[in-house]
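Every number here is computed from the coordinates shown, using simple stated rules; none is lab data. Keep in mind the model is a prediction, meaning the values are calculated, not measured. Methodologically, a virtual Cβ is constructed for each residue, glycine included, from the backbone with ideal geometry; neighbour enumeration extends over all protein chains shown.
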Amino acid sequence: MTELIEVPDAEDDWEPATELHPSGRNPARQASMFQSATWPLSTLALLSVDLEAVARRLKLTLESSWDGHGHVRAAFFVLDGTDFVVTHHEGDAPGTHVWTCKGGPVDPAARAGSLLAALGVGPEAVSYSVWGVGTNLRHIPAAWSRAKGKPTRSHQDLWAYFRRSPELYVGRVNFRTVVAFLNGYDIASNKALLNGFREWLAAKLGYGRNLVYWVLAEKLIFPAGSPEEPWSPETEQHAVAGLIGLIDEYFDNIAGNPEERPEPV
């Protein structure tokens, strides 16, 4: 069984992280789990510390909910500009699972470092992490599988069928009908198909994290600028093939490097 590292209590002048008018002495600010439940989560680390001790140290309020992996206790909070989530699922090995859900392109080890500093513990508390520190891989929580690899098999099959014969799904094939179909499918599947695609495109471009994915894709497909509308059939064919190629490239990238899946904003 994992040996837990002791976490010191909160500093004397730290107010609860839920305080509406904080003094600023507690480095953490807590959001409601239910307000934040729609944020896509990215795995960060498994800490060999008790979740209750983390909550006690940062004066967080743990909230209870459930997901496909059973009952979960969690706290959402902001620390040094990063939106953190700390969780523990029933049946998991002892420890605290750390996720991030928003924030800028910060090195994951640096993000974890700010959390460890706030907790008053050192890197020895990191049992497993996405950047490779720690080797206790037996205790990776099942819930972390949500953020790794390609979409589930049914979504992979859908994509394989669609990319081969889009006319069976959208009738008249052009860039906008393909985008409309993908948007509808992504919404219906709770973003299971294109989760992270927009962020990956923005990273590939070097800008545009505030833009929708089809605008980013258009900029990559037509680097000299989009042709004047209405597009010719040849231009539409080129745009559709380019979009499909980008999605294929994205899937190949996250299949080979699941820990590098971009963090949705």
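Descriptive notes on the structure:
- Here region 153-260 was treated as a single set of alpha-carbon atoms; its pair distances binned every 10 Å from 0 give 13, 47, 34, 5, 0 percent.
- In order along region 198-208, the Karplus-derived 3J(HN,Hα) couplings, from 6.51 cos²θ - 1.76 cosθ + 1.60 at θ = phi - 60°, round to 4, 5, 5, 4, 5, 5, 5, 7, x, 6, x Hz, and Gly and Pro are given as x.
- Contour excess over end-to-end distance, with Cα ends at residue 181 and residue 124 and 0.36 nm allotted per residue: 15.8 nm
- Working note: Karplus 6.51/-1.76/1.60 with θ = phi - 60° gives region 4-14 the couplings 7, 8, 6, 10, x, 5, 4, 5, 4, 9, 7 Hz, where Gly and Pro are set to x.
- Relative to the current alpha-carbon distance between residue 226 and residue 192, full extension at 0.36 nm per residue lengthens the span by 9.4 nm.
- Distance between the pseudo-spin-label points of residue 237 and residue 164 (7 Å out from Cα toward the beta carbon): 2.1 nm.
- Normalising the average separation of contacting C-alpha pairs (under 8 angstrom, six or more residues apart) by the number of residues puts the relative contact order of region 153-260 at 24 percent.
- Phi-derived couplings, Karplus 6.51 cos²θ - 1.76 cosθ + 1.60 at θ = phi - 60°, listed residue by residue for region 225-233: x, 5, x, 5, 8, x, 6, 6, x Hz, with x used for Gly and Pro.
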